[in-house]
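Asks: Below you will find the structure I want to go over with you.
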Amino acid sequence: MKFLLAASEVPEVSFTSDVGGGFNIILEYVWVIPLIMALSFAVILFFGKSLGSIKIGDSETPASSTIGIAAVGTCFLLSLWAGAAWIDHRDNFPEADATSVLEHGGDGEHSDDAEHSDEAEHSDEEGAPAYFDGDGAPLVDASVGGAGAAALVEAGEDGHSEVHASVAILKGFTWFQSGGHEFTVGILVDGPTILMLFVVTLISLLVHIYSTDYVHGDRRYTHFFAFLSLFTASMLFLIMSRSTVQFITAWELVGVCSFALIGHWWEEKPNSDAALKAFLTNRVGDMGLLIGMIILYFAAGRTFDIMTINEMAVAGEIPRNTLLIAALCLTAAVMSKSGQFILHTWLPDAMAGPTPVSALIHAATMVVAGVYMIARLYPVFFEGFAISGSSINALALIGAITVVFGGMLAFVQDDIKKVLAYSTVSQLGYMVMALGVGAWTAALFHLFTHAFFKAGLFLGAGSVAHSVHSFDMKKDMGGMRKFMPTTFKTFVICSISLAGVFPFAGFWSKDEILVGTGGWGLFGGSGGSNGAYTLMLVMGLVGAMLTGAYMTRVIYLTFFGEFRGHGHPHESGKRITIPLVILSVFAVGAGLLNLPPGFITGEEAGWQERFGHFIEPQSAAFPPIGHATPSYTLAIVASILGLLGPAIAVFYYFNRVEARSKVEGRSLTELPDGLTSRVPIAKAGHTLLAEKYYLDHLYTDVIAGGTKGPVADMADWSNKHLIDNVIDTAGRTAVTAGQFVYTKIDQPLVDGAVDGAGKASSAFGDELRKSQTGKVQQYAAYLFAAAAVLAGVLIIVI
Amino acid sequence: MTEVYLNQFLILAAVLFSIGVYGVLARRNGVMVLMSIELILNSVNINLVAFSAFRGTLGGEVFALFVIAVAAAEVGVGLALVLLLYRNSKTIDFSEVDAMKG
Amino acid sequence: MTDAVILAYDPEVPRQIAFFLIAAVMVFSAFRVVTTKNVVHAALYLVLVLAGVAAQFILLGAEFVGVTQVLVYIGAVIVLFLFGIMLTRAELGDDESVATERRGMAALTGVLLFGVMTYAVVDVFDDQTIDRTEASTTGQIGDAIFKEYIIPFEAVSVLLLAALIGAIVIARKD
Amino acid sequence: MLDLLAQAAQPEFARPRIDWFALSPELVLLSLGALLTLLDVVFAERAKAITSAIAGLGLVGVIIPLVAVWTRVNDGDVLYAFAEKKPGATDPVGLEHYVIDEYAIVMKILFVLVGYVVVLLSTNYVAEGDYWESEYYGLLISSILGMVVMASARDLIGIFVALELLSIPAYLLAAWRKRDKLSNEAGLKYYLMGVFASAVMLYGMSLLYGTTGSTLLVDISKAVGGRESSSIATLGIVFVAVGFAFKVSAVPFHNWAPDTYEGAPTPVTAFLAVASKTAGFVALLTLVYVGFWGRGDVYEPLMWFLAAASMTIGNLLALRQTNFVRMMAYSGVAQTGFIIAPLAVAGNGDIADAALSTTVNYLAIYAAMNLGAFGVLIALARKTRSAEISDMRGAFHYAPGLTAVMTVFLFSLAGIPPIGGWFAKFRVFSVLVQDDSVSGYLLAVVVAVNSVIALYYYASVARTMWADEAPDGDLTPVNVPPSLVAALGITVAITLVFGILPSVVGDFTDVSLLAGG
């Protein structure tokens, strides 16, 4: 044991700050960003309260939130810088070179020393130092060229070396070596990292600003901001993790923060129960993560390095079955963290936390950690599940089921946040499904767009709730559009985007996922080299229908009809509405970043697939990403189906419910069962009645009034009898199905199983306690009897 | 030809051990429990000395001496604890000593 | 010394007779120790068992251990027990109220242990005999203690001191 | 009698060569105990004020010879306390009875450090609680001496005597709160169970001795290892293991732990939960790696059972506790399961080394985090006068530092990265997986499931402390004496360093296989 040398044995950290000029230097120092947030956490936690308030403008702002906002604002600016630097770095990455080098690696040809030096020289010329890694040589350096390609040089013991090109920036050092294990840490910056960097810092900044108003006057104001900072730091740490250990660490940390923030209002027992449930459900997945990562650690020859694991998985150096088991374990982690069906139950419960937390953690960032993890270790899943050749696999299936079930569940919630929570579950299902079918880019793109419109929806819901002091749409909302115009507009925009209506952001990303399934060639889509996942396409289309429908319901219940609550709601302050506006702008425009090829022709063709261009890893350590050919047919079919859902819902709510409301003289939320008897029309309902007629009239004008004669009559008849009934039935069926799933499957089975496991262990614990009688001779009897039995059994067995 | 078997000592020891175990489990009087412990420890000593004679080495006898010395100390400590119990609770009934459980 | 004499002229028969007689007394006394209702009787039966153990030691040629047994156990430990009995003023018929199932549990555990132990020893030392010809001498034991077992020996002295001090602190009135 | 002694006609007694250097830590510790006793005898009441300081300083002083010896055994060398000239040999041959190797010295350092922290925890507790002070420290030191001897003992007699030397003072210390019925009950239960366990263990030892005629573990290993299965060897191994399974409070020999922990004075509880348990593990490791070596077919399933049962039952019982000390007792039972787990695969020659250092590593981290948790409890109890979890409500509002430190310990115990406990668990996992056997994987799964359960009760305590309101809105701060601050500082630093920068201390626990094993 050379304990005295222990500290000096850690290889020197050697950062070569040669990133082709000063501008791109940020890419090597992105670790500063989480560090700032960690410092912010420490400062707020320990000094937040004593610093008092800072006067900004005419309002007193507690110092804690100011520190948090300043920190996250700085981080956001740094992220923008990093993004710009990345664009520069990526654009200067010679893809042709990369391909040729890749072929060397792929063919199994070991480039000889001369070639190697050539390559290295080449890199040097471009100002790109090499990244050395390998079995024999210690990890000396990890850096990358800003102006050119980075080369991943593997020096074998025999002097042979393999050169791989990677656009990623790797930096790190050996954290420690202990018990034969080498732990490396560092940063891995590539497309997904930059993407998440932007999303996390932006949403976090907006949520910080929003929260200054939302949790204003809360007695745990300081702690709230401290944990927001810690969460942001952990999340940023997670996305730039270079090794799996780092990843697990950050993964647990975000879990802890989530736990602390869900339980922000501990006093109410449901809240603390929800927090513990979230924590425990997540732990189930964490174990999957831990076991999966440890399997990969040994399978990849004792390394935690994500790039190395990926590389070995791609190169087929890890047996397929090992990868499959590892991928299954990791899938468990994804299921719990990213709320996939059967482990999703914690996510709706987690809505007990403050709304900004829901927006940040349970919609835009933490819950996508699972998706991000798949994206990071994609080769493991790709090879393990044989994504390229099959038409069904665990990941795609779980995702698809989650899409539909989540969407159905969203139907029957009265709590606006729960609707959004189930919607999040459903949308996460899309992302996981996309990864499962091989549409890597589409998954990340959807992650990107979803972050904006879902955060916008949550914050919008929070804005409404802030005003009416409740989340119950049926009891305390209704007609809010009159009181909160800005919130209303942004909420509708985000909803449209979520529903995937052309040309909002959600349309592009959802369409890309559907195309990526490659199902049913008749739509003209093709999943690239991947299999044809027809089932996933169908489920995705059903999901799209449901999405529009439940969002219509939310909008109706919240913003239309008459106000059913108490008090005098009013529009929220600027600190709440401005983030909403910003998010809705992104919800509209973010989709333009990844326009499918062929959509724009001519000069502007450069705008096609920019997102994919910048985000996709260019590395030998990654499987070929299938790019589906976009299909107009599919886009149209999907759009029609996607609009059909909302259309039914619009008719159901805005027409039938509205009419019945008028008839009943109060603002209804659903149609009462069966045809009810006439109720004397109240005076207050008069305007509504008029409005109802107006809508009906419009409808008749558009559909029936346009035609004459028998066609008009027929249309009129079908409108009155057929369409009415069909829509009525469809709406009712959807509600019943959702209700059924919720009350018969989700709550008793899934939730019950999760709760039951806890209760069973408690009950078993109680039984065990009875054996602890307090009587010492009882204990002695256990001791002697156990000794005898153990010895006896072993004597007999052996 | 009569032979002295090793097993006759070992089984005697096993009998004493088991009787001792019965004693510590069934007795309620603290002092009697301590006496039963002595039975167990003595059975171990019989084992040790018998093995010592069987193997022709001294280790067992030395071990037995150490056991005797330690047993004496243990009895002293045990009686001190029982006395303390008696002073605090006015009983030496071990089955009444169950304030902590669960 | 008696042992040596026995070995000299009649190797086994008297030893075996002695063994079984003493063993019978020991088992009976041990049984009484754990069943008698009278605490003082229990202590006196214990004396018989302990003396029997000492006798067995001597039969096995371990004179020094046998003598130590008599000195330490009968000379000191039993006296301690009697003091303990007096100080706690135990009543006669103390164990009258022991429940049957408790005895059953205790007996079951005892029988289980006896079964396992007996099976093991019979299984392995089936008909092995002790053919020791000469008794170990005190000198040999002393040498062993002061050579390889010196650390346990010193440790025992610390142990006795610690137990003494601790027992006094715990047991004294203050 | 004199005749008997005179009769000893045999070769001249040859005094073995004694390596005083190798024995220096024990000697310093012995002198420290003697000094404390003498001070009490000579100065009586006047010595009271300084006994804890002397005990603490003395323990720090023991570190010096320990480190000196460590530098000698650092590269896997082995020192023998005694050596004798064998006929024909020129140099004296070391006696295997008392061996100072890398493993032994690392464990000794751990014991002395733990002892020091316990003294720090005790200083104010004992002084303010009207206890017998100098005797308290005297007994503590003799118990630590027993542990230090245990680390080196490699024969049955040495292990037995060391076990009793460390246990008997502990029985008494558990009952040290003399007027308290609970403390009395705690001491009595601990004593009785301890004596029963050592009786079973002694029976096992007698059988092991019987298999070979030697008390030396290396000889026993030769006799029982690699041979045909023998009922005597199996019975001996199981019974001896039971004795130490009691000491480490493994299920089903754990029942004493919660009752004793609850009733004993809290610093003594910390001592039992950490030092005493570690000593049990030291003996268990010595036995497995030296004495039972080659008999993996016996001890592996045994350890597997103990590990799985301890983890599961300990955790399930801990879930239902309302008293922090009882919860810690059951959590300690569960932790015992985690620590034993590597032994369930230790028979595999390829990973034996890894399993050993994993266990040692876990023990070191466990010592730090557990002592720390008890330290925080002692500090908080200065205000609350209670160990109930509900009385720790809202501690953050009046003792933020203590709450933060407690959170570190709890999360470390729960195995949340990057704190020490996580690293310890990680290594357990990796050893189990490395074994590449069905039983290894199964146990890894049991470990995983239990980590999930365990988090529940640790997190609940943290939640209570951070988020609840203080009872009666009483926000008077806790007066934490300097010795407690020092104890918490040491433990929290070790807990964090083991997780965040294990390379600084990691090699401390990377011990090579035991000498003779």
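Asks: Anything in segment A:455-502 that is part of a helix (DSSP H, G or I) and over 16 Å from A:I416 (Cα atoms)? List them, or say none.
Replies: Selection gives A:K482, A:F483, A:P485, A:T486, A:K489, A:I493, A:I496, A:S497, A:A499.
Asks: With the structure loaded, tell me whether C:G66 is buried (at least 17 other Cβ atoms within 10 Å of the Cβ) and either more than 7 Å from every other protein chain (Cβ to nearest Cβ) or in contact with a strand residue (DSSP E or B) (Cβ under 8 Å, 6 or more places away or on another chain) (or both) or whether it fails that test.
Replies: yes
Asks: Given the conditions (1) touching a residue at least 60 places away in the same chain (Cβ under 8 Å); (2) in contact with a Gly (Cβ under 6 Å, 6 or more places away or on another chain); (3) not β-branched (V, I, T), report the number of the one that D:L139 does not fulfil.
Replies: (1)
Asks: Give just the number: which of (1) modelled with pLDDT of 90 or more; (2) more than 25 Å from D:Y136 (Cβ to Cβ); (3) more than 11 Å from chain A (Cβ to nearest Cβ) does D:A309 not satisfy?
Replies: (3)
Asks: Would you pick out the residues in segment D:425-445 that are crowded, with 20+ Cβ neighbours inside 10 Å, of a type in the set (A, V, I, L, M) and more than 9 Å from chain A (Cβ to nearest Cβ)?
Replies: D:V428, D:L432, D:L443
Asks: Looking only at segment C:145-157, filter to residues that are surrounded by fewer than 21 Cβ atoms within 10 Å (Cβ to Cβ) and either closer than 14 Å to D:A83 by Cα or modelled with pLDDT under 90 (or both); which one of those is nearest to the chain's Cα centre (by Cα)?
Replies: Restricting to residues being surrounded by fewer than 21 Cβ atoms within 10 Å (Cβ to Cβ) and either closer than 14 Å to D:A83 by Cα or modelled with pLDDT under 90 (or both), the top hit is C:I145.
Asks: Might you check whether a residue that is at the interface with another protein chain (Cβ under 7 Å from one of its Cβ atoms), touching a helix residue (DSSP H, G or I) at 6+ places or on another chain (Cβ under 8 Å) and part of a helix (DSSP H, G or I) occurs anywhere in segment D:122-131?
Replies: Scanning segment D:122-131 turns up no residue that is at the interface with another protein chain (Cβ under 7 Å from one of its Cβ atoms), touching a helix residue (DSSP H, G or I) at 6+ places or on another chain (Cβ under 8 Å) and part of a helix (DSSP H, G or I).
Asks: Right, next: Out of (1) more than 7 Å from every other protein chain (Cβ to nearest Cβ); (2) closer than 18 Å to D:Y191 by Cα, what's the single condition that is false for B:A13?
Replies: Going through the list (1) more than 7 Å from every other protein chain (Cβ to nearest Cβ); (2) closer than 18 Å to D:Y191 by Cα, B:A13 breaks only (2).
Asks: Is there a residue in segment D:497-511 that is modelled with pLDDT of 85 or more, of a type in the set (A, V, I, L, M, F, W, C) and crowded, with 20+ Cβ neighbours inside 10 Å?
Replies: Looking for residues that are modelled with pLDDT of 85 or more, of a type in the set (A, V, I, L, M, F, W, C) and crowded, with 20+ Cβ neighbours inside 10 Å, one finds none in segment D:497-511, hence no.
Asks: So, in segment A:197-250, of the ones that are outside any helix (DSSP H, G or I) and aliphatic (A, V, I, L, M), which residue ends up surrounded by the fewest Cβ atoms within 10 Å (Cβ to Cβ)?
Replies: Only one residue tops the list, namely A:V215.
Asks: Just to be sure I understand the filter: pairs with C-beta atoms under 6 Å, separated by 6 or more residues or on different chains, first member in segment C:11-29 and closer than 18 Å to C:V49 by Cα, second member among the aromatic types (F, W, Y) and in a helix (DSSP H, G or I). Which pairs pass?
Replies: C:S29/C:Y45
Asks: For the structure I just gave you, tell me whether C:R132 is modelled with pLDDT under 90 and either within 8 Å of chain D (Cβ to nearest Cβ) or assigned to a helix (DSSP H, G or I) (or both).
Replies: No; evaluated as a whole, the condition is false for this residue.
Asks: Going through segment A:284-302 one residue at a time, which ones are more than 8 Å from chain D (Cβ to nearest Cβ) and farther than 23 Å from D:A414 by Cβ?
Replies: A:L296, A:A299, A:A300, A:G301, A:R302
Asks: Out of all the residues in segment B:31-40, is one or more modelled with pLDDT of 90 or more, charged (D, E, K, R) and touching a helix residue (DSSP H, G or I) at 6+ places or on another chain (Cβ under 9 Å)?
Replies: Yes, the conditions are met somewhere in segment B:31-40.
Asks: Another one. Which residue, of D:A245, D:A186, D:A250, D:A197, is among the hydrophobic types (A, V, I, L, M, F, W, C), in a loop (DSSP other than H, G, I, E, B) and either facing chain B (nearest Cβ under 9 Å) or under 20 Å from the mean Cα position of the chain (by Cα) (or both)?
Replies: Only one candidate passes the filter, namely D:A250.
Asks: Something else now. Among the residues of segment D:88-103, is any within 18 Å of D:T269 (Cβ to Cβ) and modelled with pLDDT of 85 or more?
Replies: Scanning segment D:88-103, I find no residue that is within 18 Å of D:T269 (Cβ to Cβ) and modelled with pLDDT of 85 or more, so the answer is no.
The rows are residues; the columns are (1) of a type in the set (G, A, S); (2) free of Cβ contacts under 8 Å to residues at least 40 places away in the same chain; (3) over 12 Å from A:G384 (Cβ atoms).
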site: A:F298; (1), (2), (3): no, yes, yes
site: A:N321; (1), (2), (3): no, yes, no
site: A:A327; (1), (2), (3): yes, no, no
site: A:F341; (1), (2), (3): no, no, yes
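Asks: Tell me, which helices (runs of 4 or more DSSP H) wholly within segment D:377-484 include 3 or more residues that are under 22 Å from A:A250 (Cα atoms)?
Replies: D:400-414, D:420-434, D:438-467
Asks: For the list (1) crowded, with 21+ Cβ neighbours inside 10 Å; (2) of a type in the set (V, I, T); (3) within 13 Å of another protein chain (Cβ to nearest Cβ); (4) in a helix (DSSP H, G or I), I need the number of the one condition that D:T71 fails.
Replies: Condition (1) is where D:T71 drops out.
Asks: For segment D:288-311, check the following and say yes or no: at least one residue is over 21 Å from B:A99 (Cα atoms), free of Cβ contacts under 8 Å to residues at least 60 places away in the same chain and among the aromatic types (F, W, Y).
Replies: Within segment D:288-311, one or more residues are over 21 Å from B:A99 (Cα atoms), free of Cβ contacts under 8 Å to residues at least 60 places away in the same chain and among the aromatic types (F, W, Y).
Asks: Looking at C:T88 and the list (1) within 30 Å of A:L790 (Cα to Cα); (2) at pLDDT below 85, which single condition is not satisfied?
Replies: Every condition holds for C:T88 apart from (1).
Asks: Could we say that B:V70 is assigned to a helix (DSSP H, G or I) and within 8 Å of chain D (Cβ to nearest Cβ) here?
Replies: It is true that B:V70 is assigned to a helix (DSSP H, G or I) and within 8 Å of chain D (Cβ to nearest Cβ).
Asks: Let me ask something else. Among what's in segment C:23-42 and is within 13 Å of the chain's Cα centre (by Cα) and at the interface with chain B (Cβ under 9 Å from one of its Cβ atoms), pick the residue that is surrounded by the fewest Cβ atoms within 10 Å (Cβ to Cβ).
Replies: Once the filter is applied, the top-ranked residue is C:V27.
Asks: Now a separate question. Does D:G158 satisfy the condition of being within 14 Å of chain C (Cβ to nearest Cβ), closer than 18 Å to D:L30 by Cα and assigned to a helix (DSSP H, G or I)?
Replies: yes
Asks: With the requirement that a residue be more than 7 Å from every other protein chain (Cβ to nearest Cβ) and touching a Ser or Thr at 6+ places or on another chain (Cβ under 9 Å), what does segment C:145-161 give you?
Replies: Matches in segment C:145-161: C:L161 only.
The values are calculated or read from the model by the stated rules, or taken from the named source; none is laboratory data. Predicted model, so just to flag it, every value in this text is computed and none were measured. With ideal geometry, Cβ positions are generated from the backbone for all residues, glycine too; neighbour counts draw on all protein chains shown.
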